[in-house]
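**Q** Sharing a structure here in structure tokens format.
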Amino acid sequence: MTRPHRGSGSTGSPVAPYPHGGLARHADLPPGERLRVLLVEDDEGDAFLVGELLAETNSMIDLLVATSLRAARERINDVDCVLLDLGLPDAQGLDGLRQVLEMSSGAAVCVLTGRSDEHLGVVAVAEGAQDYLVKGQVDGVLLTRALRYAVERKRADENARRLREVELRQAESARLERGLLPQPLMTTDQVAVHTFYRPGRHAALIGGDFYDVVQTRPDRLDLIVGDVCGHGVDEAALGVELRVAWRALVLAGVPDDEVLPALEQVLMSERRLQEIFATVATTRLDLDANRATVRLAGHPPPLLLSGGRVAPVPAPGGLLLGVRPRRPIAYDLEFDTDDWSLLMYTDGLIEGRVGVGNERLDVPGLSGLLDEPANREVSLPALPAWLVGRAEQINGGPLADDVAMLLVSRGGGR
């Protein structure tokens with residue numbers, strides 16, 4: 001169609017619905033089937049032509065017109081696509097495109113060029129626009145199709161970006177998982193160590209739970225289970241730092257009473273917020289003497305399985321790491337027989353609900369599960385997973401928090 005005279009389609013305001021652009025037409029159609037397009041064009045004749053082209057094709061496109069980038073800024077986040085003229089009073093050429101791309105991350109961008117500037121359209125697509133059109137070489141069908149295709153390409157690009165972000169997060173989680181779930185550093189066959197880790201339902205990311213096992217002498221084995229408050233990548237990374245720091249301190253032969261205070265210093269220097277804290281339980285096994293030394297820093301006590309009975313180790317609870325520095329009090333545990341198991345775990349295992357009320361499983365409930373006759377038929381390597389299954393059954397669904405466990409056994413283990 002021929003181009004109308006300038007002024008025949010004046011909008012009367014910097015940003016307004018164009019009278020011939022289809023705004024409010026087909027009002028009975030679901031909103032999801034319509035597109036909102038912002039035309040940034042200072043030439044009234046060109047704006048009128050775009051409106052008429054869209055109207056004659058029954059395009060189901062609501063058209064808004066802005067005469068400058070400054071005016072477009074007010075509405076750019078409310079539209080699906082921006083149809084941008086590269087010659088504006090407040091922006092020329094690709095500078096205008098860059099400003100539009102910076103203003104709106106969600107809207108597709110389709111560029112309008114003149115016949116003599118068609119090369120700019122190619123460059124504009126390379127800069128981030130979804131498409132370009134040459135003025136005077138489009139009809140209503142081509143214009144409508146170009147706008148809809150631009151929107152779909154933008155959505156496809158966004159979906160690809162989100163997928164890539166998910167893949168990167170999964171790869172990041174896998175790297176953190178390898179750091180959080182180390183192979184026990186031990187050679188002895190006097191005891192067996194069974195490990196378990198399961199992330200909570202809050203997200204598919206590894207949380208701040210961690211554990212480790214280190215043998216420093218033929219008759220000595222050190223174990224740790226810890227939990228950094230929170231469930232994100234930062235907390236998981238901090239858990240890795242604490243685990244590695246603990247292993248280094250133990251291997252370096254730092255005196256027992258100094259290990260957790262040093263670990264607390266690492267926590268306080270590396271945490272991103274002052275409110276971040278950690279709970280920790282450590283056990284040093286003297287295999288020749290058949291005894292253990294347990295230290296707790298705000299962590300639930302290990303459970304001792306021996307002689308057909310289950311009982312929490314009565315070690316002093318201690319203070320959380322990162323709250324008020326203080327040495328945990330050591331508790332010496334003598335094993336009566338050569339058949340025993342010691343279960344160390346994080347509180348995600350005992351925070352599930354019991355029944356429909358607010359009662360939690362807690363340490364007595366976990367002891368009760370280990371006392372059930374059914375668990376006698378469960379092998380020691382499978383016992384941690386069995387416990388989680390029973391806790392989830394009682395909870396009425398997956399546990400909300402991460403669960404980490406160490407089960408160290410000697411002889412028959414019970």
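**Q** Whether any residue in segment 352-368 is part of a loop (DSSP other than H, G, I, E, B), acidic (Asp, Glu) and closer than 28 Å to Ala192 by Cβ is what I want to check. Steps first, please.
**A** As a first pass, look at segment 352-368 and keep what is part of a loop (DSSP other than H, G, I, E, B): 352, 354-359, 361.
Those still in the list that are acidic (Asp, Glu) too: 359.
Among the residues that remain, those that are also closer than 28 Å to Ala192 by Cβ are: none.
Within segment 352-368, none of the residues are part of a loop (DSSP other than H, G, I, E, B), acidic (Asp, Glu) and closer than 28 Å to Ala192 by Cβ.
**Q** Looking at segment 179-186, can you tell me whether even one residue there is at pLDDT 90 or above, surrounded by 17 or more Cβ atoms within 10 Å (Cβ to Cβ) and farther than 26 Å from Gly45 by Cβ? Give the steps one after another, and end with the answer.
**A** First pass over segment 179-186, keeping only residues at pLDDT 90 or above: 185-186.
Right, trim to surrounded by 17 or more Cβ atoms within 10 Å (Cβ to Cβ) and you get 186.
The next check asks that each one be farther than 26 Å from Gly45 by Cβ; those that pass are 186.
Checking segment 179-186: at least one residue is at pLDDT 90 or above, surrounded by 17 or more Cβ atoms within 10 Å (Cβ to Cβ) and farther than 26 Å from Gly45 by Cβ.
**Q** Moving to a separate point now. Among the helices (runs of 4 or more DSSP H) lying completely within segment 44-108, list those that include at least 3 residues that are not hydrophobic (A, V, I, L, M, F, W, C).
**A** 44-56, 94-103
**Q** Separate question: Picking from Leu54, Leu49, which residue would you name as being touching a strand residue (DSSP E or B) at 6+ places or on another chain (Cβ under 9 Å) and closer than 20 Å to Leu142 by Cβ?
**A** After ruling out the rest, the residue left standing is Leu54.
**Q** Continuing with this model, one more query. How many residues are open to solvent by 40 Å² or more (accessible area, probe 1.4 Å) and in a loop (DSSP other than H, G, I, E, B) if we restrict to segment 125-137?
**A** 3
**Q** Condition (residue is under 30 Å from Val228 (Cα atoms), assigned to a helix (DSSP H, G or I), open to solvent by 10 Å² or more (accessible area, probe 1.4 Å) and not small (Gly, Ala, Ser)) applied to segment 145-163: is it met by at least one residue? I'd like the intermediate steps shown before the answer.
**A** Here is the first cut: in segment 145-163, the ones under 30 Å from Val228 (Cα atoms) are 162-163.
When the remaining residues are screened for being assigned to a helix (DSSP H, G or I), the result is 162-163.
Those still in the list that are open to solvent by 10 Å² or more (accessible area, probe 1.4 Å) too: 162-163.
Of the ones still in play, those that are also not small (Gly, Ala, Ser) are 162-163.
Yes: one or more hits.
**Q** Tally the residues that are without any contact (Cβ under 8 Å) to a residue 60 or more places away in the chain and surrounded by fewer than 20 Cβ atoms within 10 Å (Cβ to Cβ), restricting the search to segment 219-229.
**A** Adding up the residues that qualify gives 1.
**Q** Only one of Asp80, Asp90, Asp43 is in contact with a Gly (Cβ under 9 Å, 6 or more places away or on another chain) and without any contact (Cβ under 8 Å) to a residue 24 or more places away in the chain; which?
**A** Details: Asp80 fails: without any contact (Cβ under 8 Å) to a residue 24 or more places away in the chain; Asp43 fails: without any contact (Cβ under 8 Å) to a residue 24 or more places away in the chain.
From the options Asp80, Asp90, Asp43, the qualifying one is Asp90.
**Q** So, Val310, is that one hydrophobic (A, V, I, L, M, F, W, C), under 25 Å from Tyr197 (Cβ atoms) and either open to solvent by 30 Å² or more (accessible area, probe 1.4 Å) or in a strand (DSSP E or B) (or both) or not? Quick ask: steps written out before the conclusion?
**A** Working: hydrophobic (A, V, I, L, M, F, W, C): yes; under 25 Å from Tyr197 (Cβ atoms): yes; either open to solvent by 30 Å² or more (accessible area, probe 1.4 Å) or in a strand (DSSP E or B) (or both): yes.
Yes, satisfied.
**Q** If you don't mind, another one. Please enumerate the residues belonging to segment 370-414 that are outside any loop (DSSP other than H, G, I, E, B) and of a type in the set (S, T, N, Q).
**A** Narrowing segment 370-414 to residues outside any loop (DSSP other than H, G, I, E, B): 370-371, 373-377, 380-395, 403-410.
If the condition is that a residue be outside any loop (DSSP other than H, G, I, E, B) and of a type in the set (S, T, N, Q), then Asn375, Gln393, Asn395, Ser409 are the ones that fit.
**Q** So which of Gly114, Gly93 ends up being at positive phi and touching a strand residue (DSSP E or B) at 6+ places or on another chain (Cβ under 8 Å)?
**A** Only one candidate passes the filter, namely Gly93.
**Q** Any idea which of Asp332, Asp362, Asp401 is closer than 21 Å to Gly226 by Cα and buried (at least 20 other Cβ atoms within 10 Å of the Cβ)?
**A** On the way: Asp332 fails: buried (at least 20 other Cβ atoms within 10 Å of the Cβ); Asp362 fails: buried (at least 20 other Cβ atoms within 10 Å of the Cβ).
Every option except Asp401 fails the conditions.
**Q** One residue is enough: does segment 241-252 have a residue meeting the conditions more than 17 Å from Thr293 (Cα to Cα), modelled with pLDDT under 95 and surrounded by fewer than 20 Cβ atoms within 10 Å (Cβ to Cβ)?
**A** Within segment 241-252, one or more residues are more than 17 Å from Thr293 (Cα to Cα), modelled with pLDDT under 95 and surrounded by fewer than 20 Cβ atoms within 10 Å (Cβ to Cβ).
**Q** Those residues that are under 43 Å from the mean Cα position of the chain (by Cα), surrounded by fewer than 24 Cβ atoms within 10 Å (Cβ to Cβ) and of a type in the set (A, V, I, L, M, F, W, C), I need them from segment 33-60; list them, please.
**A** Residues satisfying the conditions are Leu35, Met60.
**Q** Leu273 fails exactly one of the following numbered conditions: (1) in a loop (DSSP other than H, G, I, E, B); (2) surrounded by fewer than 20 Cβ atoms within 10 Å (Cβ to Cβ); (3) modelled with pLDDT of 95 or more. What is the number of that condition?
**A** Status for Leu273: all satisfied but (3).
**Q** While we're on this one: Please determine whether any residue of segment 211-229 is at pLDDT 85 or above, more than 23 Å from Val408 (Cα to Cα) and under 25 Å from the mean Cα position of the chain (by Cα).
**A** yes
**Q** Something else about it: For Gly355, only one of the following conditions fails: (1) modelled with pLDDT of 90 or more; (2) at positive phi; (3) not basic (Lys, Arg). What is its number?
**A** (1)
The values are calculated or read from the model by the stated rules, or taken from the named source; none is laboratory data. None of the values given here were measured: they were computed from a predicted structure. Quick reminder, even Gly has a Cβ in these numbers, built from the backbone with ideal geometry, and neighbours come from all protein chains shown. These accessible areas exclude ligands, DNA and RNA; they are computed on the full protein's heavy atoms, side chains included. Shrake-Rupley method; radii C 1.70, N 1.55, O 1.52, S 1.80 Å.
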